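Participant: Have a look at this one.
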Amino acid sequence: MTPPPTPADALPPEEPAAPADDAQPPQGPPAPDNECRTGGAGGNDNPAEGRVPPTHPHSKAGLNAHLVIDRTPTFRLDITLTATPGDVLALLGPNGAGKTTALRALAGLTPLTRGHLHLDGTDLHDTPPEHRPVGVVFQDYLLFPHLTALDNVAFGPRCRGATKSEARAQAQDWLHRMGLKEHTTTKPRRLSGGQAQRVALARALATHPRLLLLDEPLAALDARTRLEVRAQLRRHLAEFEAVAVLVTHDPLDAMVLADRLVVIEHGRIVQEGTPADIARHPRTDYIAQLVGLNLYKGQADGHTVRLDAGPAITTTEDLTGQVFVAFPPSAVTLHRDRPTGSSARNLWHCEVAGLETHGDQIRADLTGELPLAADLTTVAAAELDLHPGAPVWATVKATQTHAYPA
């Protein structure tokens, strides 16, 4: 697997030292004998043999995995992931849902309790991590601090049997692709966050992995750098010809970077689909919060949905049976007195539970007849004299709701 593919708890006990010109590359985690298998010292022209499982014909190309892992006596991860070459799959979910466990299982760092893991038709279940055609970019990048950007990227090809000159030539090419040709001799401590992220990505891609794993790859960046690097990462992923799996807590990262989202809660997949479909049809409170919607479940009879816990909501859709109803906080209009002459079909008496800044607006958390979130301008909040405990009336037009089968 593309080095260094291990989180902190799987790293070797000591940092690797920078190699001399005639030395073997630094030790790469986590080979069983703790060595980077290059077939000999730096001048060896013979590639390492048997390091990567054979790739089967592309009729079976892509990822086909059923991951079952008993992490604790009370937690089991049980998910199925499939993707074809060129797909970018994003795993989303709250803390403790099992996203990182899934990523570690794909990398070979956490063994399966049962299930299977096939990549390009090859069974990787019993393949050690360092032998898998898998590249990993971790949240803190794990760049070797004593190596230059060039030698960090060259490390992977050296471990796959390339000569020193071949590995450095490949690394030079990848750094140029990443827009880092001026930083080949720079060490990690002198790289910006965005530059370090691109070096880590180049190192992961340098061995041409058939599966690329990205664990919160933008989390360590500030807001301005994140915007720029996200755009660059999207371009690089669009050019990647194999499968990429992204773990993130940021819905915007997932929406921008991924072709398909897989939402995991309590070790199970609760929803999957395109970003647009999930954003329009959330099926759990967690997803609704991610995409910024008020979400309710109830029984539909025509244009009226009687909520499981709460009042009725009038919608434009004509449905029957169990449905979800969603609408954005921006669709909610607040009044201090009960409105008269309003065209809104939905009216609820509520109380302000809390206020917080949300972008350039104020988000009001409301309780009462219908718990909901409402967005309004700072001026409107001041004019309404909103504060915790203030009584308000909330209205939502039927045309601003969206109902769909549960």
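Participant: Restricting attention to the range 366-396, which residues are within 10 Å of residue 329 (Cβ to Cβ) and not hydrophobic (A, V, I, L, M, F, W, C)?
Facilitator: The one that is within 10 Å of residue 329 (Cβ to Cβ) and not hydrophobic (A, V, I, L, M, F, W, C): 375.
Participant: While we're looking at this one, here's another question. Just the residues that are closer than 25 Å to residue 248 by Cα and among the hydrophobic types (A, V, I, L, M, F, W, C), please, taken from the range 121-172.
Facilitator: Of everything in the range 121-172, those that are closer than 25 Å to residue 248 by Cα and among the hydrophobic types (A, V, I, L, M, F, W, C) turn out to be 124, 134, 136, 137, 138, 142, 143, 144, 153.
Participant: List every residue pair whose Cβ atoms sit under 8 Å apart, with the two residues 6 or more apart in sequence or on different chains, where the first one lies in the range 318-335 and is without any contact (Cβ under 8 Å) to a residue 60 or more places away in the chain and within 23 Å of residue 301 (Cα to Cα) and the second, anywhere, is in a strand (DSSP E or B) and among the charged types (D, E, K, R).
Facilitator: 320/301
Participant: Does any residue of the range 200-209 turn out to be farther than 17 Å from residue 149 by Cβ and either at pLDDT 90 or above or part of a strand (DSSP E or B) (or both)?
Facilitator: yes
Participant: Now, a different point. When the residues of the range 340-389 are filtered to those that are more than 25 Å from residue 312 (Cβ to Cβ) and in contact (Cβ under 8 Å) with a residue 40 or more places away in the chain, which remaining residue is surrounded by the fewest Cβ atoms within 10 Å (Cβ to Cβ)?
Facilitator: Ranking the candidates gives 385 first.
Participant: How many residues are farther than 18 Å from residue 398 by Cα, in a strand (DSSP E or B) and in contact with a strand residue (DSSP E or B) (Cβ under 6 Å, 6 or more places away or on another chain) when one looks only at the range 336-382?
Facilitator: 16
Participant: Regarding the range 179-202, can at least one residue be identified that is surrounded by 15 or more Cβ atoms within 10 Å (Cβ to Cβ), touching a helix residue (DSSP H, G or I) at 6+ places or on another chain (Cβ under 6 Å) and touching a residue at least 60 places away in the same chain (Cβ under 8 Å)?
Facilitator: Yes, because at least one residue in the range 179-202 is surrounded by 15 or more Cβ atoms within 10 Å (Cβ to Cβ), touching a helix residue (DSSP H, G or I) at 6+ places or on another chain (Cβ under 6 Å) and touching a residue at least 60 places away in the same chain (Cβ under 8 Å).
Participant: Further question: How many residues, within the range 256-274, are in a helix (DSSP H, G or I) and at pLDDT 95 or above?
Facilitator: Total meeting the criteria: 0.
Participant: Something else about it: Being closer than 23 Å to residue 285 by Cβ, over 36 Å from the mean Cα position of the chain (by Cα) and outside any loop (DSSP other than H, G, I, E, B): is that true of residue 392 here?
Facilitator: Considered against the rule, which asks whether it is closer than 23 Å to residue 285 by Cβ, over 36 Å from the mean Cα position of the chain (by Cα) and outside any loop (DSSP other than H, G, I, E, B), residue 392 comes out as yes.
Participant: Still on this model: Could you list all residues from the range 98-143 that are among the small types (Gly, Ala, Ser) and either under 20 Å from residue 206 (Cβ atoms) or surrounded by fewer than 22 Cβ atoms within 10 Å (Cβ to Cβ) (or both)?
Facilitator: Matches in the range 98-143: 107, 108, 115, 121, 135.
Participant: Next up: Determine whether residue 247 is buried (at least 19 other Cβ atoms within 10 Å of the Cβ), over 26 Å from residue 61 (Cβ atoms), hydrophobic (A, V, I, L, M, F, W, C) and in contact (Cβ under 8 Å) with a residue 24 or more places away in the chain.
Facilitator: In short, no.
Participant: Return yes when residue 61 is modelled with pLDDT of 90 or more and either more than 26 Å from residue 257 (Cα to Cα) or among the small types (Gly, Ala, Ser) (or both) and no when it is not.
Facilitator: Criteria not met by residue 61.
The values are calculated or read from the model by the stated rules, or taken from the named source; none is laboratory data. Because the structure is predicted, anything quoted here is derived from the model rather than measured. Cβ coordinates were reconstructed from backbone atoms using ideal geometry, including for glycine residues, and neighbour counts include every protein chain displayed.
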